[in-house]
1. Helix hunt in the chain: which complete DSSP H runs extend at least 30 Å axially by C-alpha with mean Kyte-Doolittle at least 1.0?
2. Grab the DSSP H runs of the chain that are 4 residues or longer, score each as -39,500 (n - 2.57), total them, divide by all residues and round the 222 nm result to the nearest 500 deg cm²/dmol.
3. Where does each of TRP315, TRP74, TRP106 land when they are ordered by accessible area, with a 1.4 Å probe and the largest first?
4. Ordering HIS221, HIS340 from largest to smallest accessible area (1.4 angstrom probe), what's the sequence?
5. Among ASN264, ILE170, PHE40, pick out the residue whose Cα is farthest towards the positive end of the charge dipole of the chain, where Lys and Arg carry +1 and Asp and Glu carry -1 on C-beta, about the Cα centre.
6. Please state the charge dipole magnitude for the chain, taken about the Cα centre, from unit charges on C-beta atoms (+1 on K and R, -1 on D and E), reported in debye and rounded to the nearest 20.
7. Report the one residue of ASN242, VAL278, ALA89 whose Cα lies farthest in the direction of the positive end of the charge dipole of the chain (charges on C-beta: Lys and Arg +1, Asp and Glu -1; origin at the Cα centre).
8. How much accessible area per residue does the chain have, counting only protein heavy atoms and a probe of 1.4 Å, in square angstrom?
Amino acid sequence: MNHTNKPLRGLHTFLILWSTQAFSELGSAMTSFALIVWSFERQGSALVTALLSVSSYAPYVVFSIFAGALSDRWDKKRTMLVCDTVAAAGTAVTLALLCTGSLQIWHLYLLNALNGLMNTFQQPASDVAVSLLAPKEQYQRVGGLRSLSNSLVTILSPVFASVMFAALGIRAVLVFDLATFAVAFLTLLLRVRIPRPHATGDAAEGVLASAKSGLRFLRRHRGVLDLILFLAAINLAASMYNAALPAMLLSRAGGSKTVYALVNACTGAANVLGSVLVSLAPAPKSRVRAICNALLFSMATENLLLALGRSAPVWCLGAVLGWLCIPVMNANMDVLLRSHIPVEMQGRVYAARNALQFFTIPVGYLLGGLLIDRALGPLMAAQTANSPLVRLFGAGGGTGAAALFLLLAVSGVLICLVFRRDRHLWTLDDKE
């Protein structure tokens, strides 16, 4: 049924929560961007920089399945407030270490691990809160709006962080992050009431049993499980992409901090456009087909242009093509999951989803950093001026990362083609 001609009815509280949380996410993303640049400038290693993300995702993956069980029991608002406060405290510690001149890379690993642990509990609570605040007929709009805010964060954070970093230093970025946290915290505390989901009679169920119930749900619903596994395979390639992007654009001829920020901004601009389109578009006849085709187009275009391009305009074009359809994937996946998972089970099932779908992200970051530093980078450095690889990727720093992008283009297309043939995925359209 097409609900796209309905106004944003019943979304007042959601819009307040969404807008202020997005503002806080902007500050956090600016800090993440600034710290990546700060660490790469000091170490010059793709692996060292990638480990920043590995340290963040590792606790998220390890503990998320238990966090979802606890999230279903805990008050959603209180969980979000506590987790955001601890994460902000980590930013404050980073700022204090910078001010005393004692910040080291290993400090960032520990602080990122703390942030990842807090996100383990915060995200399932936030996801369920959205389901509780938004009417079911508005789920596609909500998915589009969340994708829009993510896109705006993606486009604005590198630009704002670069300007603030250059003009005022990294300390100013961290102070801004803490200010955005304060706005989001006070708004959630004073202005947002999140209703409790209906009880299901499982209050006495132990944490381990609750965690297992999320996995049992996925075993019984193979379409949902296979969709999650599809995204896990895509996340492996995407995290290798994220490990390679700063290594290439910060060290390759024609690259710089400005180019890195510009490519990230183009990613965000494409996401904004795609989010607007998906928010206004009618529901597709097949959400599964929309997801598969969006990812196939993304994987086939951006990685190829990043691999073979030699200038900022080509890399920016790749970013636009690669991310234009991602909001289509996100919004349709969001609708499918919210429609097929009962709200009283969503915390547990989303936590199981997080463990299965996101465990490939730290693996991908680690693998991408290792391939660039230990394999493809040395391979490209050993090539002669007239070798086929030099003619294909060029010479100098960053060409190992360019070679990795070509491998990601091929593997990403293969992943999409394999999962398009999965009969369990297509049952999600039948049951919606």
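1. Numbers: long enough: 12-43 (46 Å, 0.53); 46-73 (40 Å, 1.21); 76-99 (35 Å, 1.03); 105-133 (40 Å, 0.65); 139-168 (41 Å, 0.96); 170-191 (32 Å, 1.89); 222-249 (40 Å, 1.42); 257-280 (35 Å, 1.25); 287-308 (32 Å, 1.13); 399-420 (32 Å, 2.20).
In the chain, the long hydrophobic H runs are 46-73, 76-99, 170-191, 222-249, 257-280, 287-308, 399-420.
2. On the way: 18 runs with 346 residues, N = 432.
Rounded to the nearest 500, it is -27500 deg cm²/dmol.
3. On the way: TRP315 0, TRP74 105, TRP106 145 Å².
Most to least solvent-accessible, the answer reads TRP106, TRP74, TRP315.
4. On the way: HIS221 60, HIS340 30 Å².
So the residues, ranked largest to smallest area, are HIS221, HIS340.
5. Among ASN264, ILE170, PHE40, the one farthest towards the positive end of the dipole of the chain is ASN264.
6. Details: 34 positive and 19 negative charges, 133 e Å.
Roughly 640 debye for the chain.
7. Most positive-ward Cα: VAL278.
8. On the way: 18090 Å² over 432 residues.
For the chain, the per-residue accessible area is 42 Å².
The values are calculated or read from the model by the stated rules, or taken from the named source; none is laboratory data. Remember, predicted model here, so these are calculated numbers, not experimental data. Glycine gets a Cβ as well: all are built from the backbone with ideal geometry, and neighbour counts include every protein chain shown. Accessible surface areas use protein heavy atoms only, side chains included; no ligands, DNA or RNA. Shrake-Rupley method; radii C 1.70, N 1.55, O 1.52, S 1.80 Å.
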